[in-house]
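Below: the structure, in structure tokens.
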Amino acid sequence: MPSSPRNILFIHQNFPGQFRHLAPALVERGDQVVALGILGQPAVRNWNGVRVLSYQPRRSNTAGLHPWLVDMETKLIRGEACWQAMRSLQAQGFRPDLVMAHPGWGEPLFAKQVWPGSPLAIYAEFFYQAEGADMGFDPEFAPPDAQAERCRLQMKNLNHLAHLEQASAAISPTHWQASTFPAYWRDRIEVCHDGIDTDAIRPDLQACFPLPAGQVLTRDDEVVTYVARHLEPYRGFHVFMRLLPELLRARPHAHIVIVGDDGKGYGADAGAGQSWRQRLTQEIDSQMPVGGWRRVHFISRLPRDAFTRLLQITRLHCYLTYPFVLSWSLLEAMSAGACILASDTAPVREVIQNGQQGILVDFFDRHAWLAQAVALLEQPETRQALSASARQRAVAHYDLRTVSLSRQLAWVSRHCADSHQWG
């Protein structure tokens, strides 16, 4: 317990987001926790003891604005809306001992104008890079003018730079993501993952997963899974889909379960008013074996319990990503004891050592993906060894209660203490 209760303000457009474990834990230890987010109705609600207030932008983007400025104006509009909400809190007598914010959408831009004596700590998720990260990684979607794209990213990073100038501390989920930030700031970034509840997400030999059509899959079935928030190239959806015809032909009893929605996501648009699922389904349709589509199951986002059951029954979990933000789903699959076949990209290498917690394959090498997938499906002993090691690493390095949450709470306490010295 802290020496006295603290006032903690969270700012996240989609609260709780990355703070879904930390915010309730602060309530549990006796702090007063308030959150701001664009959440619609009701305007005020209680979530696990957190008083959550919703705000809404009051205008849209300016018509005809220079395209490199649209992103910054969007963040300014959201920052203004959040600033008004913060001023309302201030008028009610609320003064935070710490403002903990995700700066990605611009909301915390003016927090220091309202509470200049309250420290601002930010979630350092990703700083855009001209080289060595997602930009230019996939030649299939190379921008028509690479230099113009670098100019656009330079403007996009202005939002991060504005927050870094005001912040006193930051926290990042992986070392690689922290390394994308400017060198002069890295010593102020604490690397600590949000945490995986490895007690809840654990192997279960009796698990089963009902498909929407009624069939129930178990560990006795040959199930291959792919999961992404959005089915898009940033998460290698195009690579995985192009693998399917040969994989289904090589494994005539395999079921492919693909979880994710048809949103645009982070990268290129599929064009022609299509989703990437529609476009790639059409692309590979003529290559599919007879009856192949009956063994491919597309499912939108799942409730957490159902998602856990899917990870518990999968025989092979495929994870692909550009060098970008690491998905929670990879660590959740490791915690569930899934056998992982993943892309050899940062930050995947940070959590999986090739041949130990999983197998890593060149993102673009479809033949290697097929060969490794078939080999793993044919080798239960290898799968078992990789799965056990993946589970051990998830528990040892990313467990919510024994690793992540205790470090996050200590980190918050350290920076709250600063506010009492200033105030």
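Coordinate-derived values only; no laboratory data. Keep in mind it's a predicted model, so treat the numbers as computed, not measured. Note that we place each Cβ from the backbone using ideal geometry, even for glycine, and neighbour counts take in every protein chain shown.
Between Arg349, Arg391, Arg309, where does the largest GNM mean-square fluctuation fall for the chain, given springs only between Cα atoms within less than 10 Å?
It is Arg349.
Mind checking which of His230, Leu311, Gly267 is farthest towards the positive end of the stretch 208-398's charge dipole, using Cβ charges of +1 (Lys, Arg) and -1 (Asp, Glu) about the Cα centre?
Of His230, Leu311, Gly267, it is Leu311.
Is there a quick way to get the dipole size of the chain? I mean about its Cα centre, with the Cβ of Lys and Arg at +1 and of Asp and Glu at -1; what is the value in debye to the nearest 20?
940
Provide the gained length on full extension for the span Asp344 to Glu73, in nm with one decimal, where the gain is 0.36 nm per separating residue minus the Cα-Cα distance.
94.0 nm
Order of Lys112, Lys264 from fewest to most other C-beta atoms within 10 Å?
Lowest count first: Lys264, Lys112.
Evaluate the charge dipole of the stretch 208-398 about its Cα centre and quote only its size in Debye, nearest 20, assuming +1 on the Cβ of each Lys and Arg and -1 on the Cβ of each Asp and Glu.
The calculated dipole for the stretch 208-398 is roughly 260 debye.
Name the most mobile residue of Val395, Val351, Val44, meaning the one with the largest mean-square fluctuation, in a Gaussian network model of the chain with Cα contacts below 10 Å.
For the chain, modelled as a Gaussian network with Cα springs under 10 Å, the answer is Val44.
May I ask you to compute the full-extension gain from Arg407 to Asn46, defined as 0.36 nm times their residue separation minus their alpha-carbon distance, rounded to one decimal in nm?
On the way: separation 361, 0.36 × 361 = 129.96 nm, distance 2.55 nm.
Result: 127.4 nm gained on full extension.
Before rounding to the nearest 500, sum -39500 (n - 2.57) across all DSSP H runs of length at least 4 in the chain and divide by the residue total; then give [θ] at 222 nm in deg cm²/dmol.
Counting only the DSSP helices, I get -11000 deg cm²/dmol.
Suppose R0 equals 35 Å. What FRET efficiency, 1/(1 + (r/R0)^6) with r the Cβ-Cβ distance, do Gln356 and Ser300 give to the nearest 0.05?
0.60
What is the distance, in nm, between label points placed 7 Å from the Cα along the Cα-to-Cβ direction at Arg366 and at Gln282?
1.8
Obtain the nm distance between the two label points defined at Gln379 and Glu149 by a simple spin-label model: each point lies 7 Å from its Cα along the Cα-to-C-beta direction.
About 3.6 nm, to one decimal.
What length, rounded to one decimal in nm, is gained on full extension from Tyr184 through to Phe94, with 0.36 nm per residue of separation minus their alpha-carbon distance?
Working: separation 90, 0.36 × 90 = 32.40 nm, distance 3.28 nm.
Between Tyr184 and Phe94, full extension yields 29.1 nm more.
For the stretch 198-214, take each phi angle, set θ = phi - 60°, evaluate the Karplus expression 6.51 cos²θ - 1.76 cosθ + 1.60, and give the result in whole Hz per residue in order, putting x for glycine and proline.
Calculated HN-Hα couplings, in order: 6, 6, 7, 9, 9, x, 8, 5, 9, 5, 9, 9, x, 7, x, 7, x Hz.
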